[in-house]
Each structure stands twice: as structure tokens, then as C-alpha cells.
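A short write-up of the structure that comes next.
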Amino acid sequence: MTYILNIETATKNCSVSIAKDGKNVILKELNDGAYSHAEKLHVLIEEALNEAQISFSDLKAIAVSKGPGSYTGLRIGVSAAKGLCFALNIPLISVDTLLSLANSISITEGIKVPLLDARRMEVYSAIYSSENEKLRAIEAQIITAESFYSYLKENKVYFLGDGAEKCKNLITHENAKFMVDLFPSANEMSFLSYEKYKKSDFENVAYFEPFYLKDFVVTKSKKNG
């Protein structure tokens, strides 16, 4: 039996799962819009282990969502994952956040465009086939009325994730389908992390860093003083 702890903190959704041989045993999630990952992540991990009736020593690996996404959220998840891997002397697995989001829906035809909200009219996006093959690399892009037009004119395009809200207001093509309430989740990480585990596709725990895609920008407070 291969137990893997999956950690997803790239967005507002703080999510952990315990998976056995790639199948979820326990899923714990909190999405209160408050980005309370620092306070809640370790609580969710403890609850998941207790409900799965296993201990840290039963884990064979830790998997973490690697980004893109929230700078702070990614730092919290990766720091927790690396700390556990060091303490338990087990491998670290990274899972592409947008691929995980793409796996949250099943379609028989067309393409999937997972989107994470970035600043203003910008999103982090990738494009996948109905079988989750990557058709276009991850990009940070500004959404306009013409975005994804070459795909829309030939396929049904399923826009999913919190970044899809920006597309919904601009893209009016009949082939556009929107699923705005989906977030990356440890639920979809379980299969992906187990496939990597079987291939020994591990990260260097000491040197692994999240995939931010863009540099972190500090904004000045608008308050006086």
C-alpha cells in the first residue's frame, strides 16, 4: 500500500488529501476566501491523517501543487511539504496546478482551458485536450474578446477555474463553456502524484521551488502614513 499526502494551496482553496495507491481515502478542504492557509493547513493535515487512521510514518511521499498561483499560498504549501519530507525522510512530488485543475472535469470532445485569476485582466492559463494532453504551455496572458479564438472556431472550449470569470465577461463565442466555481484541489492530485511516484519522478527537497511564472510584486499601501 502506498499512502501519499497531497497538498494544494495555490489558490483560495486550502486542500489536502490522503490517497492510497492513487485513490482518495480522505479529502479535507477549506475555501473561505480569507487565504488562511498558514493557520489551517497543518490542522487539515492532522485531521486527514486521523480520519484515514494512519500516522505520518505510514506515508510514502508528500505531493505538493507546484503552481502557478498565489505567491504566498504556494510558499506555504511547498514549505510544509518540504518540512515533512525532511522530517520523515520520504520523497517530494510536485504536481502541475493547471493540469490538476484540468483533471477536475471529464469531456469526450473539445479542449480544456484551466485558468487561475491573476492581476487585473490577467490569468495563468494552459490548454489541454479532452485526454489531458498539453496542447499549449502555461502562460500569463491578458484576456481580450479575441483570446482563444483559433481554438473556439473549431472546438468546444471549456474554461474552468476562478480565472474563467474574466473570460465569461468578454468571450461570447457559441463554443465557449464556462465553469467558474472550480478550484485546484488535492482531490485531483491523487492520481497524478501516484503516477509520478511509480516512475520515481521526485524533486530535490533541498532545492525545489514553486513555479511562480511571474515575479512577486509588492504593492504599496494606499493608507496615509
**Request:** Could you grab me the full set of residues in the stretch 168-216 that are in a helix (DSSP H, G or I) and not hydrophobic (A, V, I, L, M, F, W, C)?
**Result:** 168, 187, 188, 190, 193, 194, 195, 196, 197, 198
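Filter the stretch 150-161 for residues that are part of a loop (DSSP other than H, G, I, E, B) and free of Cβ contacts under 8 Å to residues at least 24 places away in the same chain and give the result.
Within the stretch 150-161, 153, 154 meet the criteria.
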**Request:** Would you mention how many residues in the stretch 113-149 are crowded, with 20+ Cβ neighbours inside 10 Å and without any contact (Cβ under 8 Å) to a residue 12 or more places away in the chain?
**Result:** 0
**Asked** When both residues are 6+ apart or on different chains and their Cβ atoms are under 8 Å apart, which pairs have a first residue that lies in the stretch 86-110 and is touching a residue at least 40 places away in the same chain (Cβ under 8 Å), and a second that is among the hydroxyl-bearing types (Ser, Thr, Tyr) and part of a helix (DSSP H, G or I)?
**Response** 91/197; 93/193; 93/197; 95/193
**Request:** Please enumerate the residues belonging to the stretch 141-160 that are among the aromatic types (Phe, Trp, Tyr) and over 23 Å from the mean Cα position of the chain (by Cα).
**Result:** 149, 151
**Request:** Determine which member of the set 110, 83, 73 is at pLDDT 95 or above and assigned by TED's automatic domain parsing to the domain that holds residue 15.
**Result:** 83
**Message:** With of a type in the set (A, V, I, L, M, F, W, C), buried (at least 16 other Cβ atoms within 10 Å of the Cβ), within 15 Å of the chain's Cα centre (by Cα) and in a strand (DSSP E or B) as the only criterion, which of 10, 63, 81 stands out?
**Reply:** 63
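The values are calculated or read from the model by the stated rules, or taken from the named source; none is laboratory data. Keep in mind that this is a model prediction, so the values were computed, not measured. Glycine gets a Cβ as well: all are built from the backbone with ideal geometry, and neighbour counts include every protein chain shown.
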